[in-house]
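The values are calculated or read from the model by the stated rules, or taken from the named source; none is laboratory data. As the structure is a computational prediction, the values presented were derived from the model and not from experiment. Virtual Cβ from ideal backbone geometry, glycine too; neighbours counted across all protein chains shown.
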Ligand code: HDD
C-alpha cells in the first residue's frame, strides 16, 4: 500500500496539520497568560488584583461536586476522537476524491461532526431564557421537625446541595442582563429524600392571580409577534395594553417599576417563593408558609440611566458579577426565612393568602430565619448545567406541600410539560444536573435518550415476579395533605382577590422618597414608549386608585391630565395598611459593607503614587475590587518617575461598571484627565448615578471642567463627595468607605439631571 506520508502534499508551512507534529497539542497552547508575564515586568507593586480569579474551579466542600464527577470530561492529554471513540487522524480536511475533487459521502467523520453541530441548539425557555447559575449548599440553623418533616430541615448544621439559577423573564437567551424586569430565583435542593425546587422570583407577588392568564401576560410582554420588538423590555403597547385591562397586576407593576427590577447584582436581591405553601410535620399537622431569601450582601439596585448604559458596556454584567464573585471566593449568601401562619390566622387576614398578588406583611407575620444558602462553585459547562437544568414547582418532598393558589396549581403542570419540548422528552430527570442524589426506582422506562438500564422482566406494580419491588413507601413516602373541601366546581375567584389596590398602596407608602421618585420615572419612561394614548390613560386610571401623588407624578411626566379612577372590582371595605419599612430596599443594607464593590481609581501621567498605593491596599483588604483606570492601557509615569500599570482603559471600563471612583492626586495627572472627555463623562456619570467620589489633591479642576457641584441642591455638603489632601488621606478614605457602604447618595439626584 501507499505510504501515508507520500499521500500528503509536501508543504512545510502546513507541518502542524500533518504527521507527528499534529499528534500533540499545539506549542503555544500552554503559553503563560498575558497577565502573568505583565506581573513580572511591572515596576509597580500594584497589579490587577486576583479578584477575578484564575478560572480554576474552587474545590471546596461542596457536596454537589462529587455526584456529578462521574460525567465530567477533561480532554487534557487526550487524543481527539469521533463520538464512537475512534481516534481522528486529520481534523482539518474532509475526505476528497482528488485534492480538488468532491467530498466522499463515506466521510463519516465530517458527517458526524456537521450533524452534531447542526443540532447543537435546543429551544430556549419560553420565559426566563436568559440566566446564570451556580452550585452551593443550604445549611439549616435549627431543627424544624416540629413544623415540617422535610429532612433538609431536620437538624442544625445539616447541609443540602443546591443548584441555583437566576434569570430575567422577558428577554431571549442572549439579551442583556440589566434590563428592567422581574428576576427569576430558582433553587434546586438535592435533598436526601429527593429534589425540591423552590422556583421563585425577586419580587414576592405576581402579575396575575390565575394560571389561566399566564400565556396572555407572557405573550403581551414578549416582543410583539409581527416584528419581534422590543427585545427584553416591557416598555411597549402590548404589555401595557394587557396590564391596564388587568387591574390585579397593579401591585406587581409597582414592584416592577421600582428599583427591584434593576438589581445591582444577583447577589444583592431578595428571593421569594411568592405563593403560600404548606409545611407538614410527621404528625400530619400543617401550617402555611411563605419563603423568603435575604442576601447577606444587602439589597442594592442600579439606577435606570446606569442600567441602560450597562446594557451596552457589558450586557453580561450580572452573569460576570456572579461568576467573578464565586471565582474570587466571595461566595454569595442568602438566609432563608419563613413566614409561618395557621389556617385560622390566614382566615383573619384582610386578604386571601391564596392570592399571589398579595404579600403577608412582615409586621403581620415576622420572617423567621431558618438557614443559609452559600453559592461556592461555578458550573463547569454552561449548556450541560445552566441550560439543561429543569426546575419544576411540582418537585416537592415530604413535609412540603402546595396550597390551592390558582397560579401555583397551574404551574404544577406547566414546568414538567415545558421540559418535554425544551429537553426533548420525558427522561430529562436523567440529565445529570437534574437527577436527584438519591437513587430512582420506578417503572417509568423507555422514551428518548433513556440512560438507565433496568434489569429484570418486571416493569409494573403490583407484581409478585419481582418480589413486589419497587414497592410503595406508605407513610414514609410523600402523601398530600388531606385538606377538606366542600364546594361547587366553578370558574371564578374569591371576593377578596378583587382588592387590587390596597397592597399596591402599602408598597408605595413604604418606599423612601428616592424610591418613589424612581417608580414615577419608570412609569413615565415605559408609558412614553407606549404609542396609544388610551393605554396610558388606562394605566393612570389604575394608579389613581393607588395614590394621588404617584398618579399625578406620572401624569405630569406624560403631559396629560389625570383620568377618573378605574372602577373598583369589589364593594367590600378594603384594608388600610400601616407602611411596612421592610419593603424598602434601603432597609436592608446587608452585612458585607464594601466587599466586592468595584472602585475605579482614575490616573494620568504625573499621578501621585503615594495617593494610590495605600488606598488600593486598604480597599483590597476590605474585600473591595479596586481598578486603576487610565486613558490608555500600558503604563503611566508617576510624579516620582516610576511606572504604574493601568489595569483598564476608560473606554473599556466606563463609569457604569464601577460602584465608586477615586480621583488620584497629582497636578498633571488631573490635568491630563480634564483633556479626556472619557474621564469627564466618567466623573459626570458617577455623579449622576449618585455614587461616592473620593477626590484627592488637585481633583478640583476635574470637577470644575465636568461642571459638577460639590454641594447638594440645598447647599449642604454632599456626604458622598469627599475631598482630601494627602494629609487627610486616612480620614478621607474612611469617609469614602462609609459612603460606599451606604451604596448611593440619592440626595444629589435631580430630575431631570443637572449634569
Ligand atoms: Fe414560571 C420558568 C418563576 C409563574 C410557567 N418561572 C420560570 C423560571 C422561574 C419562574 C424562576 C425559570 C426557571 C429556570 O431558571 O429554569 N414563574 C415563576 C414565578 C411565578 C411563575 C415566581 C409566579 C409566582 N410560570 C408561572 C406560571 C406558569 C409558569 C403561572 C404557567 C402556568 N415558568 C413557566 C414555564 C417555565 C417557567 C413555562 C419556562 C421554562 C421552564 O418553566 O422551565 O414552565
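Taken over the stretch 343-363, the criterion of being in a helix (DSSP H, G or I) and either out of contact with any strand residue (DSSP E or B) (no Cβ under 6 Å at 6 or more places or on another chain) or modelled with pLDDT under 95 (or both) is satisfied by 343, 344, 345, 347, 348.
May I ask you to verify whether residue 418 is within 13 Å of the ligand (Cβ to nearest atom), surrounded by fewer than 21 Cβ atoms within 10 Å (Cβ to Cβ) and not in a loop (DSSP other than H, G, I, E, B)? Judged against the criteria, residue 418 is a match. The residues of the stretch 182-220 that are crowded, with 21+ Cβ neighbours inside 10 Å, more than 22 Å from the chain's Cα centre (by Cα) and closer than 21 Å to residue 138 by Cα amount to a single one, 191.
Inside the stretch 521-540, residues that are outside any loop (DSSP other than H, G, I, E, B) and either over 18 Å from residue 241 (Cα atoms) or in contact with a helix residue (DSSP H, G or I) (Cβ under 8 Å, 6 or more places away or on another chain) (or both) make up a count of 13.
Residue count for the stretch 463-481 satisfying the condition of being free of Cβ contacts under 8 Å to residues at least 12 places away in the same chain, closer than 25 Å to residue 396 by Cα and part of a loop (DSSP other than H, G, I, E, B): 3.
Would you check if residue 438 is away from the ligand (no atom under 16 Å from the Cβ), more than 30 Å from residue 566 (Cβ to Cβ), assigned to a loop (DSSP other than H, G, I, E, B) and in contact (Cβ under 8 Å) with a residue 40 or more places away in the chain? Yes. Does residue 323 meet the test of being part of a helix (DSSP H, G or I) and either surrounded by fewer than 19 Cβ atoms within 10 Å (Cβ to Cβ) or within 16 Å of the ligand (Cβ to nearest atom) (or both)? Taking the combined requirement at face value, the residue satisfies it. Against the conditions (1) at negative phi; (2) buried (at least 18 other Cβ atoms within 10 Å of the Cβ), residue 596 satisfies every one except (1).
Every listed requirement among (1) touching a residue at least 24 places away in the same chain (Cβ under 8 Å); (2) crowded, with 18+ Cβ neighbours inside 10 Å is met by residue 172 save one, (2).
In this structure, residue 111 does not qualify as outside any strand (DSSP E or B), without any contact (Cβ under 8 Å) to a residue 12 or more places away in the chain and within 16 Å of the ligand (Cβ to nearest atom).
Yes or no, residue by residue, for (1) modelled with pLDDT of 95 or more; (2) over 21 Å from residue 702 (Cβ atoms); (3) part of a helix (DSSP H, G or I):
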position: 594; (1), (2), (3): yes, yes, no
position: 600; (1), (2), (3): yes, no, no
position: 610; (1), (2), (3): no, no, yes
position: 617; (1), (2), (3): yes, yes, yes
position: 628; (1), (2), (3): yes, no, no
position: 637; (1), (2), (3): yes, no, no
position: 653; (1), (2), (3): yes, no, no
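Of all residues in the stretch 494-520, count the ones that are within 27 Å of the chain's Cα centre (by Cα) and outside any helix (DSSP H, G or I). Of the residues in the stretch 494-520, 3 are within 27 Å of the chain's Cα centre (by Cα) and outside any helix (DSSP H, G or I). In the stretch 114-142, the residue that is farthest from the chain's Cα centre (by Cα) out of those that are closer than 30 Å to residue 286 by Cα and away from the ligand (no atom under 16 Å from the Cβ) is 142. Give the residue that is nearest to the ligand (Cβ to nearest atom), with candidates limited to residues of the stretch 393-405 that are surrounded by 22 or more Cβ atoms within 10 Å (Cβ to Cβ) and over 24 Å from the mean Cα position of the chain (by Cα). Among residues in the stretch 393-405 that are surrounded by 22 or more Cβ atoms within 10 Å (Cβ to Cβ) and over 24 Å from the mean Cα position of the chain (by Cα), the one nearest to the ligand (Cβ to nearest atom) is 405.
Does the stretch 375-392 include one or more residues that are in a helix (DSSP H, G or I), without any contact (Cβ under 8 Å) to a residue 24 or more places away in the chain and surrounded by fewer than 20 Cβ atoms within 10 Å (Cβ to Cβ)? Yes - at least one qualifying residue is present in the stretch 375-392. The residues of the stretch 644-675 that are without any contact (Cβ under 8 Å) to a residue 60 or more places away in the chain and over 22 Å from residue 597 (Cα atoms), listed by number, are 674, 675.
Criterion first (within 30 Å of residue 399 (Cβ to Cβ) and either within 12 Å of the ligand (Cβ to nearest atom) or surrounded by fewer than 21 Cβ atoms within 10 Å (Cβ to Cβ) (or both)) does residue 241 satisfy it? When the stated conditions are applied, residue 241 does not pass them. Scanning the stretch 566-592 for residues that are crowded, with 18+ Cβ neighbours inside 10 Å and outside any loop (DSSP other than H, G, I, E, B) turns up 583, 585, 586.
Yes or no, residue by residue, for (1) under 25 Å from residue 517 (Cβ atoms); (2) more than 16 Å from the ligand (Cβ to nearest atom):
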position: 252; (1), (2): yes, no
position: 261; (1), (2): yes, no
position: 272; (1), (2): yes, no
position: 277; (1), (2): no, no
position: 285; (1), (2): no, yes
position: 293; (1), (2): no, no
position: 302; (1), (2): yes, yes
position: 331; (1), (2): no, yes
